[in-house]
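Here is the structure we will look at.
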Amino acid sequence: MSIWDYIQIEILPILALAVVLYLSLTGFQSFQNNQRFRVLIILVMCILAVDIGNWYTVLKPFALPVFFAWFFNIFYFLLTEIIAFFWFSYVYNQINENNLSARQKKLLKLSVIPMLVVCLIILGSPWNHMIFYINPLDHTYHRGVLHLIQFFCGFGYMLAASVLAYKRSLEVQLMEQKKEYRFLCFVVFLPFIGGILQMLNYYFVFLWPFTAGAIFLMYTDLQKHQISVDPLTSLNNRGNLERYLQQKITNRDNGWYMIMIDVDYFKTINDKFGHMAGDRVLQILANSLKAVFGSTDAFISRYGGDEFMIIAEAVSTEALDGEIKRCRDEFDKQLKEENDLYNVEISVGYAQYIDADKTPVQEMLKKADARMYAHKRKEKGAE
Amino acid sequence: MIINLTLHLNVYLFPMILLAIIFISMKKNQAQTMDNRLYRALLQSTFLMLLVELSTWIMDGSELPFAGLIMWATNLTYFLLLPIMSLLWVNYVYFYLFKKTLSYVKSFNMVCMLIPLGIYYGVLMTTIFTQWFFTIDRQNHYIRGFHFYLPYILVNIYLVIAFLMVMSFVLSEVSSFRKKQYLSLCVVTGIPIAANIIQMVYPNLWLSLPMTAFAELLLYVQMQRNHITTDALTGVNNRGCFNAYLEKKLEQRGENQNLYLFMMDLDHFKEINDTFGHVVGDEALMKAASIICEFFHRTDAFLARYGGDEFCVITYCQNDKEAKRLTEQLQQTFSESGRGRSQEYNLSCSIGFTRFGSETKVSQEEIIHRADMMMYMEKKRRRNL
C-alpha cells in the first residue's frame, strides 16, 4: 500500500469529524457536556492525522530521520490513552447528568492515574523500550515487553465507561434515560470491533475510522435529543409527538389512550405573576407527569403553550382515572412545596384509539379536546 | 490479489458506516415526508454502489474457477447501477427546488435527459466485445478500457444538470436567506462532480463514492439544521431562528439602512381555539402562515413564527409610509382569503412595525418591544371600531 492509500483511508473520517466539530461549535448551546465532546472529536482527528505520519515512516523508513518514527509512535500511543480517558470522562459525566457530587469528582480525578502512569512509560520509550522501540539500523518498529499494557489501559477505560453506563441504566426509572444510557454503553462496540479486526489483520486500518463512526453516532443521538425535546420542560416536543403518533398508527397498535392536559387560567397566572411563574408552573406539571407516567412506556409531550399530551396504555378507564388522579395529587403537592401564592388546577380529557374504527388522529384529538373542555366548563360552573 | 480488496475495505467501510447511521437516524427520528424518502433512496443507492464496488474486488486476480466470470458479472453490475445514483441526485435536487417529483417534468425534456443514458447502456452491452469501458485480463485483473472516461462523463452530466438547476435558483432568488440555502446545496452538489473528475484522472484515488457519501452527510446536516430552525406546525422559521437572524442583522448595522420588523398577531385566536378545538385552531395558524408567506413571496423577507399566534417579518422598506401601506395590503389580503374551510371564522391580524436598521446601540428586546407596543395599540384601536 502506498501513502496515498492511507491518506484516502483517514481523510474521510477526518472530514466527517470536522463537520461534527463545526456543528457542535455553532449549534447546541443547551448541551453542557459540549466541551468534553469537542475535545474528544479533536483528539480523534489528531490521531487519524498522526496515523498517516506513522504509516509514512513505516512505508519509507529512510525518507525521514529516525526521530520522526519515535515521534509519531509516541504521539500515537499517548493520544490513544488520552482518547480512552476522555471517552470515559465524557460518558461518566453524561450518565450523571453532568452534575457530579464531590465524591464523584474525586473519583474521576483519581481515575486519571493509570493513564498518567502509562503515558509516562510511553514518553520514556526511547530509554526504557518497554512499550516499543525503533531499531536504529533499519528504522523498523518493534514491540516491547510491556506492549500489551497500553492496549489494556485504553480498552479498560472504555470498558469501564460501558459497565458504569449499563449499571446506571438499571438504576434510573425514566424510560428515556434508560435508553440513553444503554446507548452510551453499546456505542463502544464500534471501536471494539474495529480494534479487534485491526489486530487480526495487519492491513486493516479500522480502529480510528470506527471510533470516528461511533462519535458520529453519538452526535446523531445528541441531535435527536435537540430536535425532539422541548427545552423548558424537557418533555418531547410537538414534532416528536406527531412522529410517534404516525408510527403508532402504522404499527397498528391498538387500545391506547390519548390524554390531553391543560392548565386552567394559565393566562391569568402569566399576567398576574409574570412569565417566570408561568414557566415554573409548566415545569412542575411536567415533573409530576414524569413522576407518574415516566417509568412506564407512556409517551409524554408538550403539545403547545400550556397543553400537554400523553399517549399511554391502560388496562381500563378506571385505571387511567387513577393515574390521572395521582398526577393531580403530585402536581398539587409539588406546587404547595414551592409557594402558597396561587393554586392551579388542570383539566384532563382522553380518548381511546381502536384500530378497527379507523378513527383518524384528528378525530381523536377532537374527542379528547371536547372532553377536556367539558371538564373545564364543569369546573368553572362549580365555582 | 487480496491486498486490493483489503485496501477497498479500508477506504469504503467508513463511508458505509456513515451512510448506515444517517439512514437509521432519518428513518427513526423524522417524519416520513417526500423529500425525506428521496433522500433515503439516495443514501441507499450510494451504500449499494459501495457494496457492489467492494464485490468487484473479491475475485480480482484470483485463480479460482469461475473467477473471471464473476469479475465480468460484478463489474457489469457496477456499471449498470452507476447512473441510478446520479439520477437520484437529480431527482432529489429537483424536488428540493420545485417541491415536485421528476414525473412532472415535460416529456420532451425528460426524453432529452434520458438520451445519454440510452447511449450509455447501449455501449455497456457491447463492452464485452469492444472492451470500451473495461476488460478482465488472463490473470483475472480488472483493466480500464480505452474509453473508461465515458461512465464518469455520464454521471457528471446528470450531476451538472442538478448543479445548474440549483445555480439558476441561486441567481434568481430575491430573498437573501433562501439564496444562502440554495448556495449551500450548490456547493454540496459540486463535491461529487469534483471527486469524479479527480478519480477519472487519477485511477488510484477512489474518491468518487466516498466523497458522494460525504456530500450526503452535508445534506443530512443541512436538513437537520432546517429541522431545528423550522416551526413544525406552520413550516416557517421558528423563534430560535428568528432571534439568531435578528442578532446577525443587528451586528451588520449600517448596511441595512431600511430594515423593518413587522409583528403580527391573529385577532381572536384564543376564541377560535376554545370554540372549535385545537384541530381548527392549528388549521387557522397554518392558513395564516401561508397567507403571510405568499404575500412576501417575491421580496427579500424573513418570516418566522414568534409564539402561539404571533408571526414576525423582517424586510426592507423605503420609509414608514411604505411600511404602513404594506400592512394595509396584508390586512386586505387577510380579509379576502382568511376564511376557514366552512366559514367558521374570519382570520384577521393586527400588525405593528418598527424601523431598526440605522440606529446604533439598540437591543433585540427593545426592537421587539417597540413593534409589540405598536401592535397592541393597533389591536385596541381595531377592537374599539
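If a residue must be farther than 20 Å from residue A:280 by Cβ and within 11 Å of chain B (Cβ to nearest Cβ), how many such residues does the stretch A:230-253 contain?
The total comes to 11.
Is at least one residue of the stretch A:5-14 away from every other protein chain (no Cβ under 14 Å) and buried (at least 18 other Cβ atoms within 10 Å of the Cβ)?
no
Could you look through the stretch B:192-207, keep only residues that are of a type outside the set (Val, Ile, Thr) and free of Cβ contacts under 8 Å to residues at least 40 places away in the same chain, and pick out the one that is most open to solvent (accessible area, probe 1.4 Å)?
That would be B:202.
Which one of B:10, B:4 is open to solvent by less than 30 Å² (accessible area, probe 1.4 Å), over 29 Å from residue B:165 (Cβ atoms) and within 14 Å of another protein chain (Cβ to nearest Cβ)?
B:10
Looking at the stretch A:294-306, can you tell me whether even one residue there is free of Cβ contacts under 8 Å to residues at least 60 places away in the same chain, surrounded by fewer than 20 Cβ atoms within 10 Å (Cβ to Cβ) and in contact with a Phe, Trp or Tyr (Cβ under 9 Å, 6 or more places away or on another chain)?
yes
Of these, B:19, B:38, which one is within 14 Å of chain A (Cβ to nearest Cβ), open to solvent by less than 60 Å² (accessible area, probe 1.4 Å) and under 18 Å from the mean Cα position of the chain (by Cα)?
The match here is B:19.
Could you list, in sequence order, the residues of the stretch B:26-35 that are within 9 Å of chain A (Cβ to nearest Cβ) and touching a residue at least 40 places away in the same chain (Cβ under 8 Å)?
B:30 - this is the single residue of the stretch B:26-35 that is within 9 Å of chain A (Cβ to nearest Cβ) and touching a residue at least 40 places away in the same chain (Cβ under 8 Å).
Considering each residue of the stretch B:269-300, count those that are under 30 Å from residue A:371 (Cα atoms) and away from chain A (no Cβ under 14 Å), and give that number.
3
Across the stretch B:136-153, what is the number of residues that are open to solvent by less than 60 Å² (accessible area, probe 1.4 Å) and outside any helix (DSSP H, G or I)?
Number satisfying all stated conditions: 7.
Which one of the conditions (1) open to solvent by 50 Å² or more (accessible area, probe 1.4 Å); (2) closer than 29 Å to residue B:8 by Cα; (3) part of a helix (DSSP H, G or I) does residue B:132 fail to meet, given that it meets all the rest?
Against the list (1) open to solvent by 50 Å² or more (accessible area, probe 1.4 Å); (2) closer than 29 Å to residue B:8 by Cα; (3) part of a helix (DSSP H, G or I), residue B:132 comes up short only on (3).
Here is a list: A:314, A:368. Which entry is touching a residue at least 40 places away in the same chain (Cβ under 8 Å) and within 14 Å of chain B (Cβ to nearest Cβ)?
So the residue among A:314, A:368 that is touching a residue at least 40 places away in the same chain (Cβ under 8 Å) and within 14 Å of chain B (Cβ to nearest Cβ) is A:368.
Condition (residue is in the same structural domain as residue B:315 (by TED's automatic domain parsing), under 23 Å from residue B:176 (Cα atoms) and without any contact (Cβ under 8 Å) to a residue 60 or more places away in the chain) applied to the stretch B:266-287: is it met by at least one residue?
No - not one qualifying residue is present in the stretch B:266-287.
Just to check your reading of the model, which residue among A:216, A:189, A:132 is under 29 Å from residue A:116 (Cβ atoms), assigned by TED's automatic domain parsing to the domain that holds residue A:97 and either in contact with a helix residue (DSSP H, G or I) (Cβ under 8 Å, 6 or more places away or on another chain) or crowded, with 16+ Cβ neighbours inside 10 Å (or both)?
Within the list A:216, A:189, A:132, the selection yields A:132.
State yes or no: is residue A:72 closer than 25 Å to residue A:138 by Cβ and over 28 Å from the mean Cα position of the chain (by Cα)?
Yes, satisfied.
If only one of A:61, A:65 is open to solvent by 30 Å² or more (accessible area, probe 1.4 Å), under 21 Å from residue A:202 (Cα atoms) and modelled with pLDDT under 90, which one is it?
None of the other options fit; the residue is A:61.
Which members of the stretch B:104-129 meet the condition of being over 22 Å from residue B:147 (Cβ atoms), of a type in the set (A, V, I, L, M) and open to solvent by 80 Å² or more (accessible area, probe 1.4 Å)?
Hit for the stretch B:104-129 is B:111, nothing else.
Can you find, within the stretch A:20-35, the residue that is modelled with the lowest pLDDT among those that are open to solvent by 100 Å² or more (accessible area, probe 1.4 Å) and farther than 18 Å from residue B:248 by Cα?
Restricting to residues being open to solvent by 100 Å² or more (accessible area, probe 1.4 Å) and farther than 18 Å from residue B:248 by Cα, the top hit is A:32.
Of the residues that make up the stretch B:93-100, is at least one in contact (Cβ under 8 Å) with a residue 12 or more places away in the chain and within 18 Å of residue B:155 (Cα to Cα)?
Yes: one or more hits.
The values are calculated or read from the model by the stated rules, or taken from the named source; none is laboratory data. As the structure is a prediction and not an experimental result, all values here were calculated from the model. Neighbour counts are summed over all protein chains in view; Cβ atoms, including those assigned to glycine, are modelled from backbone coordinates with ideal geometry. The accessibility values were calculated without ligands, DNA or RNA, using every heavy atom of the protein model including side chains. Shrake-Rupley method; radii C 1.70, N 1.55, O 1.52, S 1.80 Å.
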